[in-house]
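Inspection log for the structure reproduced underneath, given as structure tokens.
The values are calculated or read from the model by the stated rules, or taken from the named source; none is laboratory data. Quantities reported herein were computed from a predicted structural model and do not represent experimental measurements. FYI the Cβ positions are ideal-geometry reconstructions off the backbone, even for glycines, and counts take in every protein chain you see.
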Amino acid sequence: MISPKKYAKAAKIPPKGFKTSNDFFNYVFKDKEMIWMGQNTNHLHQDNKINDAMIDCVESREYCKYPPPEGFPELKDLVLNDLGLQDDFEILITAGGTESLYLCINNILEPENNMITCDPGYLIIDNFASRFADQVISVPIYHKECNYKLTPQLVKENMDENTKLISLIDPLNPLGSSYTKDEIKEFAKIAQENDIYLLHDITYRDFSREHHLVAKYAPEHTITIYSFSKIFGMAGLRIGGIIATPDVLNSVRSILINDLGTNVISQAGAIAALKSKQEWIDDIKNQTRKNQDIIKKAVDQVEGAFLPVYPSDGNMIAIDLKETGIDPQVMADYLIDKKIFIRQGAYTSKLFGDRYIRISFSVPEYQVKIFAEKFIEACDRLRPL
């Protein structure tokens, strides 16, 4: 019998009516009428150069060949140019931001170290860290006092001599909170003064009103995680990257598993996406902000419900239901029956999952209006008497 690892995840509890989580996601994926507001994916791209580039790649059968193992040079240059990090940085193209996170956490943490994360947050990071560190310090941030984010002060209060890595999701999934330039500079100072690393996950960067890269202030102490899943609408294509200084990336190279490169078709789409970005990004950002306002108006009609962070700088937002008496899981189950896929809070929080649901809103406007109507209806029906 194989002994369970110390970091083994508990089996996911599937929604009612499904034997496994995989069965549930297969059901949601296959239902063409399902409104997809549960995974922060972007459904606002129309036919454009991204689609055309991938179709051309398929028709030319370029996928028969292995690509360069660290990504096509053209794509690597485009990503660095997109971030303005050309001079002192390198990039590895990976199979999505999640692979990037795993590689960096594995590479940096030693058994005696601890890593600072936040709750709510992206719990996969906590799981990865638990595999390689002595301790994961998950700082509670679901409070108005800290503006629902991991602040430099909270980091100082929770770090010690064994702290090696700080996770900074910016904007933060699931709340949409983000950082000012002064806060980013303060994080950079903490990393430099204590010789530790910041893992700056910028997956939702392009939805934000204002964004600042820690790498520009602490280049030797920052690893930046890049993803094509959200603003580029390529979640199912699994492509992302790690940006860092050469010495850090040389260390990451020593633990690579996928040394035969990332999906050729995905890279073709990613190149086209970056080249065409200025043609479509404003339309997508404007629509997501309009959609967010529709959600806000619906929430304002429900007594006891509120948005902890508004406006969100991501393409997702949390709706706090605690004072309504409605269980977030019950709300999610109700809406899935109405063909609206959302997430209950427990998906992104161990401490506050009973308080909120998370809604992503980079979907067509008419779908957001359907959600708004059904959310108000659900609150009327599910509220305890």
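Among the residues of the range 257-291, write down those that are at pLDDT below 95 and farther than 19 Å from Leu75 by Cα.
Within the range 257-291, Ile257 is the sole residue that qualifies.
Return the pair list, or none, for Cβ contacts closer than 8 Å from residues in the range 17-31 that are under 19 Å from His43 (Cβ atoms) and assigned by TED's automatic domain parsing to the domain that holds Phe341 to residues that are part of a helix (DSSP H, G or I) and of a type outside the set (Phe, Trp, Tyr), at least 6 apart or on different chains.
What qualifies is Val28/Ile336.
Can you tell me which residues in the range 333-362 are crowded, with 23+ Cβ neighbours inside 10 Å and in a helix (DSSP H, G or I)?
Gly345
A quick yes/no check of all residues on (1) within 23 Å of Phe361 (Cβ to Cβ); (2) more than 17 Å from the chain's Cα centre (by Cα); (3) crowded, with 19+ Cβ neighbours inside 10 Å; (4) of a type outside the set (Lys, Arg):
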| site | (1), (2), (3), (4) |
| --- | --- |
| Tyr204 | yes, no, yes, yes |
| Thr222 | no, yes, yes, yes |
| Ile243 | no, no, yes, yes |
| Asn250 | no, yes, no, yes |
| Leu256 | no, yes, no, yes |
| Ala268 | no, yes, yes, yes |
| Asp283 | yes, yes, no, yes |
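Please return the ranges of helices (runs of 4 or more DSSP H) entirely within the range 35-123 where 2 or more residues are more than 30 Å from Lys156 (Cα to Cα) and in contact (Cβ under 8 Å) with a residue 12 or more places away in the chain.
49-59, 73-83
Using beta carbons and a limit of 8 Å, which pairs, at least six apart or on different chains, have the first residue in the range 316-345 and touching a residue at least 60 places away in the same chain (Cβ under 8 Å) and the second one assigned to a loop (DSSP other than H, G, I, E, B) and among the aromatic types (Phe, Trp, Tyr)?
Qualifying pairs under 8 Å: Met316/Tyr204; Met316/Phe361; Ile317/Tyr310; Ile317/Phe361; Gly345/Phe352.
Since Phe187 meets every condition but one in (1) free of Cβ contacts under 8 Å to residues at least 40 places away in the same chain; (2) farther than 25 Å from Phe132 by Cα; (3) part of a helix (DSSP H, G or I), which condition does it not meet?
Checking Phe187 against (1) free of Cβ contacts under 8 Å to residues at least 40 places away in the same chain; (2) farther than 25 Å from Phe132 by Cα; (3) part of a helix (DSSP H, G or I), the one that fails is (2).
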